[in-house]
Amino acid sequence: MTDQAEQASAAQSAPPEIPGKPTSASRTTLSHIMTHGDTNLLGTVHGGVIMKLVDDAAGAVAGRHSGGPAVTASMDEMAFLEPVRVGDLVHVKAQVNWTGRSSMEVGVRVMAERWNESTPATQVGSAYLVFAAVDADGKPRTVPPVLPETEKDKRRYQEAQIRRTHRLARRRAIMELRQRRVAEGYED
């Protein structure tokens, strides 16, 4: 096969180019008042409640950006900065920071303010989640590229690339370690 024929064949089998979407197209905020049913044994809001809100908001953003179903693949760096209390109005702000072929990193910032006061909200947590877009059969599907709009969006995009590089390197190092241990006769 000639070079031209190979290129034509590859172009025919390549998926069509998907137009990008700006960061603002899928950005969202989920707000919720914390009640006694949300507390842990210490009387503050349970971290799992906050994590669920984070996953819900990030999932909405991933679905909006990808134009269909998306599933949580991983959660990185869930940081709890301040306790959340009963009566706090929690705002979970999420946006797509980076996209790959079928995956997206969603950044989430958790803010809290007293429900009955007019003081500014303070940041109480943050997280980064990776979502995979899937089709009706649960197979990966292509997502539109994210188009950072502001300098802050561009910084988040670059930081997301660093986190992705670290995730992949960590996964590779763990797999290599496991293979070495099996080769040395260790069973886990």
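Just so you know, the averaged projected area of the alpha carbon convex hull for the chain sits at 16.9 nm².
Here the Karplus curve 6.51 cos²θ - 1.76 cosθ + 1.60, taken at θ = phi - 60°, turns the phi angles of region 101-117 into couplings of 5, 10, 10, 9, 9, 10, x, 10, 10, 9, 10, 9, 8, 5, 5, 10, 10 Hz, with x standing for Gly and Pro.
What residues qualify as long-range amide H neighbours of His46, i.e. H under 5 Å apart, gap of 5 or more or another chain, H built at 1.01 Å from N? Amide H neighbours of His46, under 5 Å, 5+ apart: Thr39, Asn40. Surface calculation, 1.4 Å probe, protein heavy atoms: Lys154 sits at approximately 90 Å² accessible. Between Trp115 and Leu81, residue separation times 0.36 nm minus the direct Cα-Cα distance comes to 10.3 nm.
Taking amide H atoms as placed 1.01 Å from N in the peptide plane, the amide H of Ser74 lies under 5 Å from those of Val130, each 5 or more residues away in sequence or on another chain. Evaluated over the chain, the count of Lys pairs having alpha-carbon atoms less than 20 Å apart is 6 (only pairs 8 or more residues apart or interchain). For region 156-169, 3J(HN,Hα) computed residue by residue from phi via the Karplus equation (6.51, -1.76, 1.60; θ = phi - 60°) reads 4, 4, 5, 5, 5, 5, 5, 4, 4, 4, 5, 4, 5, 5 Hz, glycine and proline entered as x. Computed over the chain, relative contact order equals 24 percent, with contacts defined as Cα pairs under 8 Å that lie 6+ residues apart.
Karplus-derived 3J(HN,Hα) values for region 93-100, using 6.51 cos²θ - 1.76 cosθ + 1.60 with θ = phi - 60°, are 9, 9, 8, 6, 9, 7, 10, x Hz; glycine and proline are entered as x. From a point 7 Å beyond the Cα of Gln123 in the direction of its Cβ, which residues of region 38-65 have a backbone N at a distance under 18 Å? So the set is 51, 54-55, 58.
Of the solvent-accessible surface of the chain, computed with a 1.4 Å probe and all protein chains present, 54% belongs to carbon and sulfur.
The values are calculated or read from the model by the stated rules, or taken from the named source; none is laboratory data. Owing to the predicted nature of the structure, the values given are computational and were not obtained by experimental measurement. So basically every Cβ, Gly included, is an ideal-geometry build from the backbone, and we count neighbours across all protein chains shown. All accessible areas refer to the heavy atoms of the entire protein, side chains included, with ligands and DNA or RNA removed. Shrake-Rupley method; radii C 1.70, N 1.55, O 1.52, S 1.80 Å.
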